[in-house]
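The values are calculated or read from the model by the stated rules, or taken from the named source; none is laboratory data. Here the structure is a predicted model, which means the values were calculated and not measured. Virtual Cβ from ideal backbone geometry, glycine too; neighbours counted across all protein chains shown. Note: accessible area is taken over every heavy atom of the protein model, side chains too, but ligands, DNA and RNA are not part of it. Shrake-Rupley method; radii C 1.70, N 1.55, O 1.52, S 1.80 Å.
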Amino acid sequence: MTTLTLFSPSGVVARAPVLRLAARRLQGLGFDVQLDEAVLARQQRFAGDDDTRLAALHRVADAAPSIAMASRGGYGLTRLLDRVDWKRMARSVAQGTRWVGHSDFTALQLALLAHGAGPSWAGPMASDDFGRDEASGGVDDVTSDCFCEAMSGELEAVGFRTEAGFDGLQAKGLLWGGNLAMLMSLLGTPHWPAARITRGGILFLEDVNEHPYRIERSLLQLQQAGVLQSQKAVVLGAVSAWKPSPLDRGYTLKTMVARVRAGMKTPLLTGLPFGHVNPKVTLPVGQRVQLVVQGREVLMGW
């Protein structure tokens, strides 16, 4: 049976029953689920103080389970990056551990690439995706099936529908990215993947609770820093849970994307089912992928 450890590297798990429900559901999917000893630790808004969460990260790395899934996101991994033992992390990846998560987990995933520790998986997390009660929609079948197939090695591609105008596009490169806010927090730090790693790549992005003008500002910074121009393609996932302002006066997510596209040569696709939404796909961060567009249908394979 595939071993799966749930651990908390970032925000506090607000309700223990939610995590335990997620564990039971993952067990029902055929995983041998273990809870890290500090998974329910609490200190302010965090899942324990920094030392507790760093110890959990290293403890999971040393145990090298088949899958290490974050309980939830929030904030907290940025505090730990300067103290992470990247050799221990690399050993776990070499032994077959697949680190899985999104949101704040992006900080760890990109740092794994930056420090040569290896690839990871952008995918669901325990509380938000497997711990939702039935009244809130329960477990999304697409999210669950995609995750299970990715972990078993059966998943070799994901598909989605994008806007018109990219028919015939083909691109190959390293898939990297994740949560835009977390990605931007690493720019200019030792935990940002070097250009030699990401040049000619395919960058995917998502965010939550961020108005489109804040997304535009970050994208323009990436453009001005030379990041977007060096990519084969940029793929935008969900930009969710933001609130319109009376000052917008026709400024929307769609008009923002059009404005950014007009200033860049790299194709900017939308529609990737990933982010703080359901359903969401599971994606290999740090692996080479091929992106093919036929009409408005996009296939991303690895």
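Here are a few things to note about the model shown:
- Here P193 meets each of (1) open to solvent by less than 10 Å² (accessible area, probe 1.4 Å); (2) not in a loop (DSSP other than H, G, I, E, B) with one exception, condition (2).
- Odd one out for D128 among (1) of a type in the set (D, E, K, R); (2) open to solvent by 40 Å² or more (accessible area, probe 1.4 Å); (3) more than 17 Å from the chain's Cα centre (by Cα): (3)
- Members of segment 63-86 that are of a type in the set (G, A, S), in contact with a strand residue (DSSP E or B) (Cβ under 8 Å, 6 or more places away or on another chain) and more than 11 Å from M125 (Cβ to Cβ): A63, S66, A68, G76
- Inter-residue pairs, beta-carbon under 6 Å, first of a type in the set (A, V, I, L, M) and in segment 20-37, second assigned to a loop (DSSP other than H, G, I, E, B) and modelled with pLDDT of 95 or more, 6+ apart: L21/G131; A22/G131
- For first residues located in segment 265-287 and more than 18 Å from F147 (Cβ to Cβ) and open to solvent by 10 Å² or more (accessible area, probe 1.4 Å), partners that are assigned to a loop (DSSP other than H, G, I, E, B) and of a type in the set (A, V, I, L, M, F, W, C) and lie 6+ apart or on another chain with Cβ distances below 8 Å form the pairs P267/F166; P267/L169.
- Complete set of residues in segment 133-180 that are assigned to a helix (DSSP H, G or I), open to solvent by less than 30 Å² (accessible area, probe 1.4 Å) and not hydroxyl-bearing (S, T, Y): C146, F147, A150, M151, L180
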